[in-house]
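Worksheet for the structure shown next.
We did not get these values from a lab; they are worked out from the coordinates using the rules stated. Because the structure is predicted, anything quoted here is derived from the model rather than measured. With ideal geometry, Cβ positions are generated from the backbone for all residues, glycine too; neighbour counts draw on all protein chains shown.
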Amino acid sequence: MSTAQHWTSDAARLAPAVGGAVETAFARPRRLGSNRVREAAWAYLFLTPFFLGLLFFILGPVLAALAISFSTWDLLSPPRFVGLANYREMFADRLFLIALKNTVYFTVVSVPLTLLLALGLAAMMNRKLRGISVFRAIFFFPVTASIVAVSLLWAWMYTPDFGIINYALAQVGIPKVKWLVDPTTAMPSIILMTIWRSLGFNIVVFLAGLQSIPKDLYEAAELDGAGSWDRFRQITVPLLTPTIFFAGIMALISSFQVFEQTYIMTQGGPGNATLTLVYLIFQNGFTYLRMGYASALSFFLFAMLFVITVIQVRLQTRWVHYA
Amino acid sequence: MRNPGADMNSIISRRRLGDRLTYAVLVAGGLLMIFPFLWMLTTSFKDMGEVRMWPPTLFPRHLDLTNYRDIWHEYPMAQFLWNGFVIASLSTLGTLISCSLAGFALAQLNFPGRALLFLVVLCTILLPYQVRMVPIFIEMATLGWIDSFKPLIVPAFFGSAYGIFLMRQFFLGIPRDLKEAAILDGASPFAVFWQIFLPLSKPALTALGIVSFVTSWNDLLAPMIFITTFEKMPIALALSFFKGQGEALWPWLMAASVISMLPLMVVYLAAQRWFIEGLTFTGLKQ
């Protein structure tokens, strides 16, 4: 044991390089079976917290949500089985249809715009220029900022009468926009703010993808006379498709969960124009204590995300190029 | 005949133009990113009269801290910050412990069901909190943990899929021979983990720690569900309540927002690399 102790403390320093050499040096006749069992036992021990977490906080709750969705339950009296009543109510619920439409609207507009903008900016930042890391840090900053603070900030900037955005627009002759106050502009306002906030994250993801593309491909193409747009279309985009796929899935999933912005900035209004699915789940579950209906809504959200992800994964073979 | 020299020149001049264009776009974009925060800061110094001025003043007329002082006196701001800090640091501690253990097992140990379990981890990354929150709320209510920090801290000790994935990817990068050799020499897998792998994984732990702290500090939905007493609220949740206290108090709201962002902003300036690497880790490894 003392040799092992000594060896391990040394190994911490030597670690990455020594690998194979050390193994040959220390090789002893393997005691196959028992060692394997011991290692597996340790592995399960290491994973015990995760197994419990899976049971109590991940898979358990998802299954529970399914079960609760077949009941009415206000937490005060025992749950009552109602079969598919919650789901039937859901598809007849005007608010649900509005929330679904708003959430899809938010996603369909914000996800492609965010990805396109991020891709373009990342391609620019991928050039070997001085000070690029500063830009990276600046664009990334809103990602780390508190969503509550940022929502308050944008609500203030969107104020029709004293807001800085309307002031800036007035300088170029654009009349006052009502932003969050007008049902037609409320959702676009939320989308604009969300793009601003999540751009940096996607830029950094794309930047990582771009940096893995071999530089000599570009040099060869440039000498062949390909312009920068051609190079972007013929080299960058195809080789970046795995990253675009990944970023797209992440963006889709997170945009279907949009809630904080609308909760802080518009409370779902005006006239339900920014009511989203998660907002509706929150209201039903924690304002009206309708656990059954809230669970049905959340299970619908889950099923929708699941189906969309599966479709994405299926479709990827058509357009994602893995090197 | 093609003249290679002329080609090179045209390529270089095209590049210069491209560089200038790139800088122009990046500077403009960077200003759009940073200006709102400057506007937040500027507004936080103004008084109620000044925020209603048209045209707006770009810089406050007086640089006084009245709003900050008033907020600090009116609300238990120090308490909110402390609550946020306690919740974020303890849940970060839990995440680091549980995720490094599970990540190590998935990357370095052999056991039946390993591939399947990793698939489960990947799938649970796609499973949003919102889908699980009703049953988790009921669990917490059953335990009598509502209106305490426990629902916001304890689950972290049982691992997060994202954190496990991050640690597993990191541990995969360390040669397995290292572990095999130590184990053949009689060290237990725990000793290998604790004495070899943990010291080597400081970069991954830092990145995961920052992600976990930032996420918890900024989280709104979970605290909204579980915390009801004003004095127990973490800063992000408390901030969300200020808006209801009078729509037009923008200087106050902005001052409170600055206070809520300041601690993380300082850390970001010092360690932005870790923020960026941690928060986009899964993207980097795809």
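In table form, for the structure just shown:
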read-out: Coordinate range along principal axes, alpha carbons of chain A, Å, largest first; value: 76, 69, 39
read-out: Distance (nanometres) between label positions extended 7 Å along Cα→Cβ at B:Leu116 and B:Ser188; value: 2.7 nm
read-out: Under 15 Å from the Cα of B:Lys202 - aspartates and glutamates, other chains or at least 8 residues apart; value: B:Glu277
read-out: Three-way shape call for chain B based on the alpha-carbon gyration tensor, with the a/c threshold at 1.5; value: oblate
read-out: Peptide A:270-278, shielding by other chains (average Cβ, 10 Å cutoff); value: 1
read-out: Amide H contacts of A:Val177 (H built 1.01 Å from N, under 5 Å, at least 5 apart or other chain); value: none
read-out: Helical segments meeting 27 Å axial Cα length and Kyte-Doolittle -1.0 threshold in chain A (DSSP H); value: A:32-53, A:94-125, A:183-211, A:291-319
read-out: Cα shape, the protein assembly as shown, gyration tensor, a/c 1.5 rule; value: oblate
read-out: In Hz, Karplus ³J(HN,Hα) per residue of segment B:83-99 (6.51, -1.76, 1.60; θ = phi - 60°; x = Gly, Pro); value: 4, x, 5, 4, 4, 5, 6, 5, 5, 5, 4, x, 4, 4, 5, 5, 6
read-out: Normalised contact order of chain A, rounded percent, pairs of Cα under 8 Å and 6 or more residues apart; value: 27 percent
read-out: Cα-centre dipole for chain B with unit charges at Cβ (Lys and Arg positive, Asp and Glu negative), debye to 20; value: 920 debye
read-out: Cα pair count fraction exceeding 15 Å, expressed as % - segment B:183-254; value: 70 percent
read-out: In range of the label at B:Arg20: residues from segment A:130-155 whose backbone nitrogen is under 18 Å from the point 7 Å along Cα→Cβ; value: A:130
read-out: Cα-based shape type of segment B:134-272, given that a ≥ b ≥ c are square roots of the gyration tensor eigenvalues and the cut on a/c is 1.5; value: oblate
read-out: FRET efficiency estimate (nearest 0.05) - Cβ-Cβ, A:Thr317 to A:Arg36, R0 56 angstrom; value: 0.90
read-out: Selection from B:Ser100, B:Ser44, B:Ala256 lying farthest towards where the dipole of chain B points positive, charges on Cβ; value: B:Ser100
read-out: Peptides ranked, highest mean first, by Cβ atoms within 10 Å: ranges A:59-72, B:125-138, A:175-188, A:81-94; value: B:125-138, A:59-72, A:175-188, A:81-94
read-out: Spacing of the two label points (7 Å from each Cα toward its C-beta) at B:Cys123 and B:Trp145, in nm; value: 2.4 nm
